[in-house]
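Colleague: Take this structure first; my questions come after.
The values are calculated or read from the model by the stated rules, or taken from the named source; none is laboratory data. Note that this is a predicted model, so its numbers are computed, not measured. Note: ideal-geometry Cβ built from the backbone for every residue, glycine included; neighbour counts use all protein chains shown. The accessibility values were calculated without ligands, DNA or RNA, using every heavy atom of the protein model including side chains. Shrake-Rupley method; radii C 1.70, N 1.55, O 1.52, S 1.80 Å.
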Amino acid sequence: MSVSFGGSSLGRQLWARRHLVWVGRSMSLAARQVQPLCAVPTSRIHHTPRQQQEQQPQQPQEQPCRQPAMHAVPTSTSTRALDSAIRDYCAEGLVDDAQQLVWAALQSGQPPPSSYGFVHLFRALAKEFNVAEKQQQARRLLDAMIKHGVAPSPQIYVQLILGLVYHTHAPPQLHASITPLIHGFLRAEEKRHFKRIDAKMAKMLRAMTAAGRPDAIVATMTLATHANAPIANETWHLALYGCLRRGNLSHAEQLLDFIAIPTNDAYHMMLGAYLGRRVMLDGSFCTNHARRTPKNAPIHLDRAIATLETMIASGSTPSHHVYAALLDAYTHHAPEKEIGVMQRLWQAWLVSQTHHADEDSHWDDWLPPVLANYMEKGAMEAVDQVYWDLRQHDLPIGSKMLPIFDDAIIHGAEKQHLLSSLAMYYDLVANGHCNVRASSALLRATIQRGHLDLSRQLLQSVHDETGRPLPLSLYALVIRAHVDQRQFNDATQLYEKILTFPSSPSNARALLFVQCSMVQQALAMHQWDVATQILDQWVAARHDAPKKEKNVLLDTERIMTNTLIAGLATQQQPKQIALLHACLDKMQVDPVTSHASTASLWVRALLQMGHLDKAADALDRAIKAHGQARLVPATHDVLDHAALKGNKQLCEALFHNLGHDKKALHAMLVCYGQAKDNINLKRVYNQCQQHDVALEPALYDKVQQWLAQ
């Protein structure tokens, strides 16, 4: 009856239970064929040790009988049975028994095991290579195998290499150990015409990568290249990845030199490593901003640029991820951030960007720092170019970039670059983004240049595009500018327009300032009734405003009071003076104590009306309320008027408050000259000479004339 050993272990056990006598040892039928049986009754059939253990777990297992030396192999043993026995021994962890079986077969002169059997044995030995003796046993066994004419299969070399990679820690020792094995592996593969070599190479490279052995990776790929093995690109990528995973750039560079025609993925992997990015086997970058760069990863910008140039020279096309990473690295790590280089990299990224909305590009992560660098260096043209490039290529502008473009508009407005700033601003507004700060900066710039038509156009354009007006405070700014330039019709039109806007707390505050401007316009046009009407509206609005906005109320009160004083007091007509007092009473404001600027304006108004004594009294009250330091200009005004009248008493008091400054000394010269007090005149004149206070020619001549009298 013929026996087949190619089936399952269960099939062999069923056959053995019918035809063979088993001993109490974990051995298969093939093992029974190649080892002498112990002396046991042949009429009794024993189960396998595993079956005995399941049936009688309390009884101790029988100890197997073994010979102290090599086993004798019957002449009827076949190679196939021997292979199966070795496999079963190794499966049960009986590596030493499997070795004894092999050595017995080799020394008996019978056919040795095939490569199939040796693969199982070498795999079992390789798992125990942490013991130096096991490595020596494997070497002796490999030599004996070759000596007896059994050609090691590539898989045998793979198992031995894997064992050494995992269990040999010294790089020189590992290199010396695996180099002969790699040579043997390649010779074995050459006999097979390198059939499916990439699968075996990939297995070894993954193990070397996991064990962190880039030196072994380089040795393997170097010998494979010298052996002219046809290595697929995927295998080269795996080797590069194994080196770059632990940051071994020098080993990866050696591998790149061995590749006859590096692929885009190979170049991308090297570029990603140079730029501190985590790379994948397919050459792509980790584009997530939080995880894209390993911790403390060095940046090799010069080497990255050199690799990029080599890649382009070879005819390869870099991915847009490469240019994005270069821009990001150049922005943060280049010692001299040349704007021209960054602009060329940006244009290259645009050319390589094939999709309008590529989710992997993440330009909203790396582009804002680039724009911020442009802003820092004042390269506003570069910022404008990036903006219009994004628009031209229909690339969305993310939330991180919008504030930078708003800052660019503000910067351009401050520098009076109105054309470019307005163009970007209007385009952003047309696309649904309107920044109040940018609007305010542009309005102030147009007002400063006197282009109030552009100011009105901006207000109207935003209202038309967005369906809602800009804040009323910006309208107040433009109305004030129109009033200052006496463009009363335009100011009136804007005022009538804002009266139609919906009411809100912010609009109510702004309206108080607008009414101040409109009162100024009415006074300038001598429309006293209109001014009084608007003032009444202002008083009512101020009364209804919440008390918590005290600062706003005080500001508008100061502006309105100053407007009334400047508009009515300068008329020097009894009717207008009476109207001024009536308005101040209506507002319940004391112009002297309300604010220092108002007090100064009131003092000057009294002086213009010829009321020196009232001006002096108002100044004295204002100094008590606000302090001398805030009323120095008003004090000089009163002193000058008193000096012209020769009022020595008032002048001396004011001169004492001012602290004898240059302008005060000039006024005292005039005062004593007008009073014909030559003694004090000469004293003050001597003081001027002692303190090197120069006199204007007209004043000098007048003093000399007074002294000569």
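Colleague: Short version: ³J(HN,Hα) in whole Hz for each residue of the range 632-643, in order, from phi by Karplus 6.51 cos²θ - 1.76 cosθ + 1.60 (θ = phi - 60°), x for Gly and Pro, what are they?
Modeller: Taking θ as phi minus 60°, the curve returns 4, x, 5, 4, 4, 4, 5, 4, 4, 5, 5, 5 Hz for the range 632-643.
Colleague: What trypsin sites (Lys or Arg not before Pro) does the range 630-696 have in DSSP loop regions with at most 10 other beta carbons within 10 Å?
Modeller: Lys676
Colleague: Taking the Cα centre of the range 192-235 as origin, work out the dipole magnitude from +1 charges on Lys and Arg Cβ and -1 charges on Asp and Glu Cβ, in debye rounded to 20.
Modeller: 260 debye
Colleague: Here's a follow-up. Per-residue HN-Hα couplings for the range 208-218, Karplus 6.51 cos²θ - 1.76 cosθ + 1.60 at θ = phi - 60°, whole Hz, x for Gly and Pro?
Modeller: Rounded to whole hertz, the list is 5, 5, 5, 7, x, 10, x, 5, 5, 4, 5.
Colleague: Just check the range 465-569 against the gyration tensor rule for me: Cα atoms, a ≥ b ≥ c as the square roots of the eigenvalues, rounded for a/c under 1.5, and otherwise prolate or oblate depending on whether a/b exceeds b/c.
Modeller: Numbers: a/c = 1.86, a/b = 1.13, b/c = 1.65.
The shape class here is oblate.
Colleague: Additional query: For the range 541-600, what % of the accessible area comes from carbon and sulfur atoms, probe 1.4 Å?
Modeller: Carbon and sulfur: 52 percent of the exposed surface of the range 541-600.
Colleague: Give me the tail of P(r) for the range 525-623 as a percent: Cα-Cα pairs with distance above 21 Å. Let's see the in-between values first.
Modeller: Working: 1574 of 4851 pairs.
Tail of the P(r) past 21 Å holds 32 percent of the pairs.
Colleague: Right, here's the next one. May I ask you to give the percent of accessible area on the range 174-284 that is carbon plus sulfur, with a probe radius of 1.4 Å?
Modeller: 52 percent
Colleague: Shifting gears a bit: What's the center-to-center distance, using Cα atoms, between the range 129-170 and the range 596-617 in Å?
Modeller: 110 Å
Colleague: If you don't mind, there's one more thing I want to ask. Could you derive backbone 3J(HN,Hα) for the range 647-662 from the dihedral phi with the Karplus parameters 6.51, -1.76 and 1.60 (θ = phi - 60°), listing whole Hz in sequence and x where the residue is Gly or Pro?
Modeller: Per-residue couplings from phi come out as 7, 5, 4, 5, 5, 5, 5, 5, 4, 5, 5, 7, x, 6, 7, 4 Hz.
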